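The values are calculated or read from the model by the stated rules, or taken from the named source; none is laboratory data. Predicted model only: the values in this text are computed from it and were never measured. We place every Cβ from the backbone using ideal geometry, glycine too, and count neighbours over all the protein chains shown. Ligands, DNA and RNA are stripped out before the accessible areas are found, and what is left, the full protein with its side chains, is counted by its heavy atoms. Shrake-Rupley method; radii C 1.70, N 1.55, O 1.52, S 1.80 Å.
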Amino acid sequence: MRRPIIAGNWKMFKTLAETRAFFDALIPEIQGVEHCEIVVAPPFTALSAAAEEAEGTRVSISAQDVFWEPQGAFTGEIAVRMLVDAGCAYTIIGHSERRQFFAETDETVERKTRAAINGGLHAIVCVGEMLTERDAGQAAAVVRHQVKGGLGKFSETELSRVTIAYEPVWAIGTGRTATPEIAEEMHLEIRKTILEIHGPSSAGAIRILYGGSVKPDNIASLMKCDDIDGALVGGASLDPASFAAIIKYS
Ligand code: PEP
């Protein structure tokens, strides 16, 4: 049995005061929820405050990115041990916005993932095709390539500290969710890729989240799919009421 994860990616939103207000509203709403792991990924500046707010609750804190070097002259970057120190248990790696706007590649995804899991974090590694790639019939090939390039060299033990998020770029922030059929087809493709590289045990155990305009009214139909093990939620995770509803309906 794979335990579902509902993770919220705040992107570049929320100050410290807004972070505290979010947790004040969210925590009472999710009392008694036990069926899934709950993860919130604030911006770097709010990680410590979020970790303080989440202490003693069932919410884990995630960063949205990390650098692979342990320390040094890398202006603007954040190391794994700094994230652990700030109270993170997870980090997102290879989000499509980082691939598109900040030159993230499968190679940097692999280096970051290795550093994260060696340093004690759980990595949520994002993959997903662009609309042009889907329209050209290349969606499966693109995602297989990303999975192999980013995660192909890890051992089974290392892979147990990784969750994959399938996020079709055309569905992120657009209000256009992949149908459960499309999402399930791509999740199966990803699981098949893990099976080919790492064998049946890793393929059966790895959790694959769907991301792309997940909302309270579509989470249940996505979660009915056998190979969808949760969601990475952007816009709808900013509002505590809608994030709580997604968690409850998942
Ligand atoms: C995301 O940022 O990972 C995401 C899926 O965003 P949204 O839910 O807003 O589409």
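Points to keep in mind about this one:
- Filtered trypsin sites (Lys or Arg not before Pro), segment 121-171: DSSP coil and at most 11 other beta carbons within 10 Å: none
- Spread of Cα-to-Cα distances over 5 Å intervals beginning at zero, given as percent, for the chain: 1, 7, 15, 19, 21, 18, 12, 6, 2, 0
- Surface composition of the chain: carbon plus sulfur atoms hold 54% of the accessible area, using a 1.4 angstrom probe and ignoring ligands, DNA and RNA.
- Among G235, G211, G94, the largest mean-square fluctuation in a Gaussian network model of the chain (Cα springs under 10 Å) belongs to G235.
- Counting only whole DSSP H helices of the chain, the ones at least 15 Å long by C-alpha along their axis and with mean Kyte-Doolittle hydropathy no lower than -1.0 are 16-29, 139-151, 180-198.
- Accessible surface for segment 160-250, divided over its residues, is 37 Å² per residue with a 1.4 Å probe.
- Mean Cα-pair separation over length for the chain, i.e. relative contact order, pairs under 8 Å, 6 or more apart, %: 22 percent
- Taking all C-alpha pairs of segment 193-233, those more than 17 Å from each other amount to 37 percent.
- Heavy-atom accessible surface of segment 1-129, averaged per residue, reaches 46 Å², computed with a 1.4 Å probe.
- Trypsin sites (Lys or Arg not before Pro) restricted to segment 1-42 and DSSP loop, no more than 15 other C-beta within 10 Å: R2
- Radius, Kirkwood style, for segment 171-250 when every pair of distinct Cα atoms is counted (Å): 13.0 Å
- For segment 100-178, taking the reciprocal of the average inverse distance between every pair of different Cα atoms yields a Kirkwood hydrodynamic radius of 13.4 Å.
- Evaluated with a Cβ-only charge set (Lys, Arg +1; Asp, Glu -1), the chain carries a dipole of roughly 180 debye about its Cα centre, given to the nearest 20.
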